[in-house]
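Contents: one structure, followed by commentary.
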Amino acid sequence: MNIWQILSALIAAIGLMELLVGKEVTTPDGANLGVAADIKLDLMHDKIWLVVEDQGRWSTIPSEQIASLTDRVILLEGWLPA
């Protein structure tokens with residue numbers, strides 16, 4: 001991974017953090033999964049993960065699973081937590 005890819009990933013992660021943290025995360029049918037608590041960056045695999053907290057339980061969801069962002073984060077149909 002070169003410096004430009006790393007810089008691009010860092011900028012994307014910072015942008016997602018500003019947009020997502022603190023918002024409710026739901027499935028497409030409206031089921032609440034919790035609140036977006038953090039963003040996790042994996043530079044080795046060039047992946048960005050959304051960390052969701054729900055009553056003390058934590059799950060990570062790949063950022064590619066985000067379908068829309070309004071007042072809450074809505075995931076794609078058929079999402080799978082990691």
**OP:** Test each condition in (1) assigned to a strand (DSSP E or B); (2) surrounded by 14 or more Cβ atoms within 10 Å (Cβ to Cβ) for residue 68 and report the one that comes out false.
**Re:** (2)
Original post:
Within the set of pairs 6+ apart or on separate chains, which have a first residue in the stretch 51-64 that is touching a residue at least 40 places away in the same chain (Cβ under 8 Å) and on the phi < 0 side of the Ramachandran plot, a second that is outside any strand (DSSP E or B) and of a type in the set (A, V, I, L, M, F, W, C), and C-beta atoms under 9 Å apart?
Top reply: 63/12; 63/13; 63/16; 63/20
Original post:
Of the residues in the stretch 1-29, how many are over 14 Å from the mean Cα position of the chain (by Cα) and under 21 Å from residue 67 (Cβ atoms)?
Top reply: 2
Original post:
What residue, among those in the stretch 1-53 that are small (Gly, Ala, Ser) and in contact with a Lys or Arg (Cβ under 8 Å, 6 or more places away or on another chain), is nearest to residue 63 (Cα to Cα)?
Top reply: 36
Original post:
Residues in the stretch 17-34 that are over 15 Å from residue 49 (Cβ atoms) and in contact with a strand residue (DSSP E or B) (Cβ under 7 Å, 6 or more places away or on another chain): how many?
Top reply: 7
Subject >> Enumeration of residues in the stretch 1-16 that are surrounded by 11 or more Cβ atoms within 10 Å (Cβ to Cβ) and either among the β-branched types (Val, Ile, Thr) or within 22 Å of residue 55 (Cβ to Cβ) (or both) >> reply: 6, 14
Original post:
residue 77: in a helix (DSSP H, G or I) and of a type in the set (Asp, Glu), yes or no?
Top reply: no
Subject >> Residues satisfying the stated conditions in the stretch 29-50, i.e. of a type in the set (D, E, K, R) and on the phi > 0 side of the Ramachandran plot >> reply: 46
Subject >> Yes/no for residue 79 being at pLDDT below 90 and surrounded by 15 or more Cβ atoms within 10 Å (Cβ to Cβ) >> reply: yes
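The values are calculated or read from the model by the stated rules, or taken from the named source; none is laboratory data. The structure displayed is predicted, hence computed values, not measured ones. Glycine gets a Cβ as well: all are built from the backbone with ideal geometry, and neighbour counts include every protein chain shown.
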